[in-house]
Amino acid sequence: MTLASIPYLAKNAGPEWLPAAVAQGRQFAYWGQLALLFMAAVLLVAGTFNVISAGYSIGAYTIIAGAVNLLLYAMMPSTVFAPLDQGRFREASDRMLIWGVVGLLFGVVGGLVLLVAYVKLQDVFQPQYQQYPPGQYYEQPLYQQPQYQPAPPPYQAPAMVDNEVAPAEVKDPEPEPAPAPEPPRKAEMAKCRNCGVQYPSFMRNCPNCGAPRN
């Protein structure tokens, strides 16, 4: 019985056009799938033996771990290898990381190999830098001394003309003097015929004795 006849086992090599990082990551994923199958067989046999030996708790966990490894093994062709062979590298990388963590919890060996495959695959997502052929190197241009331009001549103020007369200063107009107040007019006085007191003529009665003016 050869490995190619095992159900759900992917091919050892992918298409020839795969980048080197993808081909290397796919090779580690193939070994991870084999590790999952191996751990599934070991855990299922060990779990069955523990159950028969009355170790029910350990046996149950071991059987569950074997079943998880077997399930991951069966899911690898459709979730990892098919996307890799079709150029969907990001999808395959994400699934490989998830299956690696799950396998690390339930079987250690298979999950560890899948995480190594995930790391190898990440090189394909790095930016590509220019490669120089062997024997060639980049020559840095020689330093050229900058050419300085002569400074402009200093600024000279124009000469003053002797005949030029400075404009006369404009003086503010002096304020006009305020008009002098008119002297108060003296009221006409009338003399009382009764008591002889003088009082303003506009008064009809004498303010002293009260006699009428006429």
Mind putting together the pair-distance distribution for segment 19-125? All Cα pairs, 5 Å bins, whole percent per bin, short to long. 2, 15, 24, 21, 14, 9, 6, 5, 3, 1, 0
Once Lys and Arg are counted +1 and Asp and Glu -1 for all other residues with Cβ under 10 Å from that of CYS206, the total becomes +4
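Coordinate-derived values only; no laboratory data. This one's a predicted model, so the numbers in the text were calculated from it and none came from an experiment. Note that we place each Cβ from the backbone using ideal geometry, even for glycine, and neighbour counts take in every protein chain shown.
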